[in-house]
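Everything on this sheet refers to the single structure shown next.
The values are calculated or read from the model by the stated rules, or taken from the named source; none is laboratory data. Predicted model, so just to flag it, every value in this text is computed and none were measured. A quick note on method: Cβ atoms are made from the backbone with ideal geometry, for glycine too, and the neighbour counts reach across all protein chains shown.
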There are 2 protein chains.
Amino acid sequence: MQQHDPEALAVGLLSVSRALVDGITAGVQARGFADVRPAHGFAFTRLAPDGATITELAEHLDVTRQAAAQLVDELVAKGYVQRSRHPDDARARLITLTSKGWACTRAAEAAIADTVRPWAAVLGEQRLQALQDDLLRIAPRGPLRPTW
Amino acid sequence: MQQHDPEALAVGLLSVSRALVDGITAGVQARGFADVRPAHGFAFTRLAPDGATITELAEHLDVTRQAAAQLVDELVAKGYVQRSRHPDDARARLITLTSKGWACTRAAEAAIADTVRPWAAVLGEQRLQALQDDLLRIAPRGPLRPTW
DNA sequence: TTATATGTTCAAGCTACTTGCCTAAATCTG
DNA sequence: CAGATTTAGGCAAGTAGCTTGAACATATAA
């Protein structure tokens with residue numbers, strides 16, 4: 001165990017975070033979804049439960065509505081999401097995952113599990129739980145966004 | 001303490017990582033370096049000790065040599081780095097930090113310390129050290145790269 | 001000496017964003 | 001309820017940070 005050092009912590013955090021993103025990307029592609037990027041995954045986390053509007057998605061991703069609309073255009077073209085009329089607001093469109101979108105989401109969950117598994121082997125179950133708990137304690141509340 | 005769950009761990013990791021990057025960016029800008037982006041910081045970590053060539057920097061950042069050259073052009077224009085003749089190879093140019101580049105690096109270190117400090121207050125010194133240690137144990141070896 | 005590999009640069013193109021403006025529908029106000 | 005304002009979304013053009021392709025200078029190998 002080394003001495004506490006903010007820079008070493010930063011390096012560890014950024015390295016592991018990058019490894020996670022790489023692992024998810026590789027696992028999702030290996031499961032047959034070659035045309036999705038990490039940014040799509042962050043969109044899925046907002047769309048997954050009940051769908052969202054373009055504006056809500058843009059706020060979640062911290063981009064302009066135009067950028068969110070372009071992303072949705074692309075995901076519609078690839079078959080991952082669909083636009084339908086919003087039940088309460090005729091101006092808005094509700095964006096929801098298609099069955100292909102849900103399948104991709106499940107692939108991402110499996111890829112996460114694959115990436116985390118070796119960490120459990122290295123640290124042991126107890127310290128991995130402590131890691132998870134501590135990270136969630138210092139994590140800011142709010143939407144899950146790409147690092148930049 | 002909650003039950004171990006790969007997705008919760010992933011959320012914690014990505015959230016804290018994002019918070020760190022945001023904290024560094026804000027702290028560096030608050031110290032008067034408003035024209036640097038996170039990608040520049042990753043370049044600085046490679047240039048800091050003794051400089052590097054365009055090719056070495058490109059490998060470190062995992063971009064093309066042309067992209068690395070453009071980034072260096074920008075950093076030269078802003079006064080953070082300088083190109084000089086390489087001592088051993090007349091084809092190559094050695095890129096090194098200027099005094100402004102070193103000042104910015106010190107600002108980033110201070111910003112990291114500022115960002116990490118509240119985490120120490122939440123977790124306590126011991127668990128923060130455990131967090132650092134565990135992250136470094138599961139971190140892949142290799143250059144520190146932007147998440148994507 | 002010639003051939004090949006390496007370090008860098010110039011030029012053009014692409015992608016994921018941005019800003020600026022527009023229309024339609026909802027909501028607020030008198 | 002009529003008019004003004006706000007909000008949801010789309011269209012068009014511009015930009016930043018990368019890419020691929022090609023060229024040139026220097027180093028290294030045959």
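Taking the conditions exactly as written (within 14 Å of DNA strand C (Cβ to nearest atom), part of a helix (DSSP H, G or I), within 14 Å of chain A (Cβ to nearest Cβ) and surrounded by 15 or more Cβ atoms within 10 Å (Cβ to Cβ)), does B:HIS40 satisfy them or not? Give the derivation first.
Details: within 14 Å of DNA strand C (Cβ to nearest atom): no; part of a helix (DSSP H, G or I): yes; within 14 Å of chain A (Cβ to nearest Cβ): yes; surrounded by 15 or more Cβ atoms within 10 Å (Cβ to Cβ): yes.
Considered against the rule, which asks whether it is within 14 Å of DNA strand C (Cβ to nearest atom), part of a helix (DSSP H, G or I), within 14 Å of chain A (Cβ to nearest Cβ) and surrounded by 15 or more Cβ atoms within 10 Å (Cβ to Cβ), B:HIS40 comes out as no.
Quick check on A:VAL16: is it under 27 Å from A:ARG127 (Cβ atoms) and crowded, with 19+ Cβ neighbours inside 10 Å?
Yes; evaluated as a whole, the condition is true for this residue.
Quick one: would you say B:LEU123 is out of contact with any Gly (no Cβ under 7 Å at 6 or more places or on another chain) and either in contact (Cβ under 8 Å) with a residue 24 or more places away in the chain or surrounded by 17 or more Cβ atoms within 10 Å (Cβ to Cβ) (or both)?
The answer is yes for B:LEU123.
Mind checking which residues of segment B:134-146 are of a type outside the set (A, V, I, L, M) and either surrounded by 19 or more Cβ atoms within 10 Å (Cβ to Cβ) or in contact (Cβ under 8 Å) with a residue 24 or more places away in the chain (or both)? Steps first, please.
Just the residues of segment B:134-146 that are of a type outside the set (A, V, I, L, M), to begin with: B:134, B:137, B:140-143, B:145-146.
Correct list: B:ASP134, B:PRO143, B:ARG145, B:PRO146.
Regarding A:SER84, is this residue touching a residue at least 12 places away in the same chain (Cβ under 8 Å), away from chain B (no Cβ under 13 Å) and loosely packed, with under 14 Cβ neighbours inside 10 Å?
yes
When you scan segment A:44-72, how many residues do you find that are within 10 Å of DNA strand C (Cβ to nearest atom), more than 14 Å from chain B (Cβ to nearest Cβ) and in a helix (DSSP H, G or I)?
8
From (1) away from DNA strand C (no atom under 16 Å from the Cβ); (2) surrounded by 16 or more Cβ atoms within 10 Å (Cβ to Cβ); (3) not acidic (Asp, Glu), pick out the condition that doesn't hold for A:TRP102.
Condition not satisfied by A:TRP102: (2).
If you take the residues of segment A:75-103 that are outside any strand (DSSP E or B) and in contact with a strand residue (DSSP E or B) (Cβ under 8 Å, 6 or more places away or on another chain), which of them is farthest from A:ARG46 (Cα to Cα)?
Here the answer is A:PRO87.
For segment B:102-129, enumerate the residues that are within 7 Å of chain A (Cβ to nearest Cβ) and either more than 19 Å from the chain's Cα centre (by Cα) or more than 25 Å from B:GLN29 (Cβ to Cβ) (or both).
Across segment B:102-129, the qualifying residues are B:TRP119, B:VAL122, B:LEU123, B:GLU125, B:ARG127, B:LEU128, B:GLN129.
Can you tell me which residue within segment B:45-76, out of those that are closer than 15 Å to B:ALA92 by Cα and among the polar types (S, T, N, Q), is nearest to DNA strand D (Cβ to nearest atom)?
Among those residues, the one meeting the criterion is B:GLN66.
Restrict the check to segment A:32-44 and report whether at least one residue is within 24 Å of A:ASP88 (Cβ to Cβ), more than 9 Å from DNA strand D (Cβ to nearest atom) and modelled with pLDDT of 95 or more.
To start, the set of residues in segment A:32-44 that are within 24 Å of A:ASP88 (Cβ to Cβ) comprises A:43-44.
From the residues that got through so far, the ones that are more than 9 Å from DNA strand D (Cβ to nearest atom) too are A:43-44.
Within this subset, residues satisfying the condition of being modelled with pLDDT of 95 or more are A:43-44.
Yes; the residues of segment A:32-44 include at least one that is within 24 Å of A:ASP88 (Cβ to Cβ), more than 9 Å from DNA strand D (Cβ to nearest atom) and modelled with pLDDT of 95 or more.
Within segment B:23-36, is even one residue assigned to a loop (DSSP other than H, G, I, E, B), more than 8 Å from chain A (Cβ to nearest Cβ) and farther than 14 Å from B:THR105 by Cβ?
Within segment B:23-36, one or more residues are assigned to a loop (DSSP other than H, G, I, E, B), more than 8 Å from chain A (Cβ to nearest Cβ) and farther than 14 Å from B:THR105 by Cβ.
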